[in-house]
Amino acid sequence: SQQGEEDPQALSIQEGENATMNCSYKTSINNLQWYRQNSGRGLVHLILIRSNEREKHSGRLRVTLDTSKKSSSLLITASRAADTASYFCATRQGAQKLVFGQGTRLTINP
Amino acid sequence: DTEVTQTPKHLVMGMTNKKSLKCEQHMGHRAMYWYKQKAKKPPELMFVYSYEKLSINESVPSRFSPECPNSSLLNLHLHALQPEDSALYLCASSRTGDEQYFGPGTRLTVT
């Protein structure tokens, strides 16, 4: 079963605007990761936030984690056309299994 | 070199064919993974190899047969597939099990 649920399922914004997507999960975690997937391609690891962290930044990305609500958010600031992709959160089940959320399809309009 | 390569990029096969997908990484990662991804869905784990041994099989039908010849290579042998097996097959590798590096995938069509 999928660990993470993401919303919105799809998001369309204008270039330069900020994009926020959310992820909820069901069980306790050690960390949560976000990945990007361009259409029909492999996934790219964006950022990992540990369970004892509340916020983490990487370039134009900001990730928050609220373990009490079992939720995380990914904010992309000053969006660009190249940010158009699907974004997945992922959590670990056991030592080796990574489970992905349903994903948010982000479209940046010029 | 932080790249995972997969061949072929595209594969069309009949239900009676036998084919293989290949994956290679040279990052020294000891965990390698096969995922299946249907359109507009997240990747679903199929197999995990750890130190060249199969450690996880997510109840995948036997028409899919993984193989790890050495620490850099991962194969997925396909035989007697069904049309519903058409999907993007992704290979990944990882040092820790967390940050995974994905290949570009093989787009498989079963006719």
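The values are calculated or read from the model by the stated rules, or taken from the named source; none is laboratory data. In this text, all values refer to a predicted model and were calculated from it rather than measured experimentally. Here the Cβ is made from the backbone with ideal geometry for all residues, glycine too, and neighbour counts use every protein chain on show.
The figures follow:
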| quantity | calculated |
| --- | --- |
| B:Arg30, sole failed condition from (1) within 16 Å of B:Thr96 (Cα to Cα); (2) of a type outside the set (Ser, Thr, Tyr); (3) free of Cβ contacts under 8 Å to residues at least 40 places away in the same chain | (3) |
| Residue in region A:93-110 that is surrounded by the most Cβ atoms within 10 Å (Cβ to Cβ), counting only those that are in contact (Cβ under 8 Å) with a residue 24 or more places away in the chain and not in a strand (DSSP E or B) | A:Gly101 |
| Residue match in region A:74-92 (condition: in contact (Cβ under 8 Å) with a residue 60 or more places away in the chain, more than 10 Å from the chain's Cα centre (by Cα) and within 14 Å of chain B (Cβ to nearest Cβ)) | yes |
| Hits in region B:34-50 (condition: touching a Lys or Arg at 6+ places or on another chain (Cβ under 9 Å) and either of a type in the set (Gly, Ala, Ser) or modelled with pLDDT of 95 or more (or both)) | B:Pro43, B:Glu44, B:Leu45, B:Met46, B:Val48, B:Tyr49, B:Ser50 |
| Residue match in region B:73-91 (condition: farther than 16 Å from B:Ser20 by Cα and surrounded by 16 or more Cβ atoms within 10 Å (Cβ to Cβ)) | no |
| Among (1) without any contact (Cβ under 8 Å) to a residue 40 or more places away in the chain; (2) under 19 Å from A:Ile108 (Cα atoms), the one test that A:Ser58 misses | (2) |
| Positions within region B:14-26 being modelled with pLDDT under 95 and not hydroxyl-bearing (Ser, Thr, Tyr), in sequence order | B:Gly14, B:Met15, B:Asn17, B:His26 |
| Selection count, region B:31-60, where residues are more than 11 Å from chain A (Cβ to nearest Cβ), more than 13 Å from the chain's Cα centre (by Cα) and within 23 Å of A:Arg41 (Cα to Cα) | 1 |
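One line per residue, one yes/no per condition, for (1) over 19 Å from A:Gln33 (Cβ atoms); (2) in a strand (DSSP E or B); (3) over 15 Å from the mean Cα position of the chain (by Cα); (4) without any contact (Cβ under 8 Å) to a residue 24 or more places away in the chain:
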{"site": "B:Leu21", "(1), (2), (3), (4)": "yes, yes, no, no"}
{"site": "B:Ser65", "(1), (2), (3), (4)": "yes, yes, no, yes"}
{"site": "B:Leu76", "(1), (2), (3), (4)": "yes, yes, no, no"}
{"site": "B:Asp98", "(1), (2), (3), (4)": "no, no, yes, yes"}
{"site": "B:Leu108", "(1), (2), (3), (4)": "yes, yes, no, no"}
